[in-house]
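Before any comments, here is the structure.
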Amino acid sequence: MVRSPAIAAGWARADKARRTISVFGATGSVGRSTADVIQQHGDAFAVEVVTAQSRVDELAEMAVRLGARLAVIGDPERYEALRERLAGTGIDVAAGPAAIIEAASRPVDLVVAAIVGAAGLEPTLAAIEAGADIVLANKECLVCAGALFNRRAAAANVRILPADSEHNAIFQSLEAANVGAIERITVTASGGPFRTATLEEMRRATPAQALKHPRWSMGPKISIDSATLMNKGLELIEAHHLFGIESARLDVLVHPQSVVHGFVTYADGSTVAQLGAADMRIPISHCLSWPKRVAIATPRLDLATVGTLTFEKPDLERFPALSIARHALESGDWATNIVNAANEIAVEAFLAGAIEFLEIAATVEAVLERAVATVGGTEFATVDTVLALDAEGRRLAGELIEFRGRRAS
Ligand code: NAD
Ligand code: MG
């Protein structure tokens, strides 16, 4: 059974001349790729809202470039600066987390969810409530809220269009007539910067080394997640919720060339995959123009130049984050929520130099173990419960990191 409203709802929605769109997390890596795609789509879109957390100049420049009606900055202290930068442009300005959520309630056809982390949850749910179809890059909001996210999307009758490259590949490989015949779904992984590193090299890895992704240029948080393979773990959880496939039928395959992004194996032995250059504008454009395709300028895949495609199983010993995330997926939404929260804190701590690289996964695992006794089995009837658990996961991770810090000093 495929749960995604995107796939279940058919191909209908109106073919309006100009669709309205808002971009949340517009100054980030996905946000900037989205802006480029919107511009390449010519007159297809009218931009309503763009948001960012702290980069005033980039946000103002993008709001003007895209002709947005409203620009919202998350940090309330930067309101004046944004107002000054946009004075005389006719673009409205707002600031603060509540203003971001309010902006997400503005009725539009499409909302691109490209905020990083669980911070994207409330705006995305507000957009769903307002009836917008969601172009979902922000996998953490799905990992954090689990089935509640899908329930909200189904209740509002909106589509979730997967922009994450692997999930977009799977989305493209799904055949509406044969969803019942899906045997397995596979997300591929580049393997990250430490694919061939020894455990000792990984223990000593600096933030600069961990941020250096071999194939994709991305924001810092997902880059670290790609180095630990937690990103693939989060993507297994994401795939479970998007496609309604249980853990036992979800695979991860390391594929260093990042040409095959994901594939579906059907019951008759056919495997259908999507291939493409490692450029987020391709899956984003697919979501923005779905169910059609629009010509855009992106690097084309030249298989003769690529020459060889290789695949290998992930090494779960060096990359325990993958097993931790899978264990959480099999334990329930409360567990994936805790893993996501603890991981966000651990990644921040690693980037700040407070813990070592291998301690990221170790922290997440220890937090999950502790959380079993206190919040294990919590059901998500409301968003408040989701946010309370997220806060608990962050608190536990913070405590553990502080304890390790004290012991080390
Ligand atoms: P990024 O760090 O480059 O950008 C994040 C954006 O979110 C920025 O605009 C920032 O201002 C905003 N933001 C940060 N914290 C915020 C907060 N507390 N409140 C409101 N806004 C906030 O990140 P990215 O690499 O573009 O990734 C964005 C999301 O897309 C992540 O969930 C990531 O996992 C997912 N994703 C990214 C890629 C990629 O290629 N970068 C690929 C697939 C999925
Ligand atoms: Mg991905």
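The values are calculated or read from the model by the stated rules, or taken from the named source; none is laboratory data. Everything numeric in this text was worked out from a predicted model, so none of it was measured. A quick note on method: Cβ atoms are made from the backbone with ideal geometry, for glycine too, and the neighbour counts reach across all protein chains shown. The protein model used for the area step is the full one, side chains on, heavy atoms only, and it has no ligands, DNA or RNA in it. Shrake-Rupley method; radii C 1.70, N 1.55, O 1.52, S 1.80 Å.
Here are some notes:
- P(r) tail for the stretch 217-267: Cα pairs beyond 19 Å make up 32% of the total.
- Proximal lysines relative to Lys221, as straight alpha-carbon distance under 29 Å, when same-chain residues fewer than 8 apart are discounted: Lys139, Lys212, Lys232, Lys313
- Selected from Ala127, Ala147, Ala208 as most flexible by GNM, with the chain as the system and alpha-carbon contacts under 10 Å: Ala208
- Temperature 10 °C, viscosity 1.306 mPa s: under these conditions the Stokes-Einstein estimate for the stretch 12-166, based on its Kirkwood radius over C-alpha pairs, is 104 µm² per second.
- Summed residue charge, Cβ within 10 Å of Ala132's Cβ, Lys/Arg positive, Asp/Glu negative: -2
- Neighbourhood charge, 13 Å Cβ-Cβ cut-off, centred on Leu86 and excluding it, Lys, Arg +1 and Asp, Glu -1: -1
- Rg over Rh for the stretch 321-408 works out to 0.97, both radii taken from alpha-carbon positions and Rh defined as the Kirkwood radius.
- For the stretch 232-320, accessible area per residue (1.4 Å probe, heavy atoms of protein chains only), Å²: 43
- CD proxy at 222 nm, helix term only [per DSSP H run n ≥ 4: -39500 (n - 2.57); per residue of the chain; nearest 500]: -14500 deg cm²/dmol
- GNM on the chain, alpha-carbon springs under 10 angstrom: the most fluctuating residue among Val72, Val254, Val364 is Val254.
- Percent antiparallel among DSSP beta bridges (both partners in the stretch 187-292, rounded to 5): 65
- Accessible area per residue in Å² at 1.4 Å probe, computed on the stretch 321-408: 43
- Using C-alpha pairs below 8 Å separated by at least 6 residues, the relative contact order for the stretch 95-147 is 40 percent.
- GNM remark for the chain: springs join alpha carbons under 10 Å apart, and the peak mean-square fluctuation among His167, His240, His327 falls on His327.
- Placed amide H near Gly28: partners under 5 Å, 5+ positions off or other chain: none
- Formal net charge of residues neighbouring Gly276 (Cβ-Cβ distance under 14 Å; K, R +1; D, E -1): 0
- Residues of the stretch 12-166: accessible area per residue with a 1.4 Å probe, Å²: 38
- Accessible area of the chain belonging to carbon and sulfur atoms, whole % at 1.4 Å probe: 52
- Share of alpha-carbon pairs per 10 Å distance bin for the chain, given as whole %: 5, 23, 33, 27, 11, 1, 0
- If both residues of a DSSP beta bridge must be in the chain, then about 30% of such bridges are antiparallel.
- Protection proxy ranking of 263-270, 64-71, 188-195, 384-391, by the mean of other Cβ atoms within 10 Å over each peptide's residues and highest first, is 188-195, 64-71, 384-391, 263-270.
- Using Cβ point charges alone (K and R +1, D and E -1), the dipole size of the chain about the Cα centre works out to roughly 640 debye.
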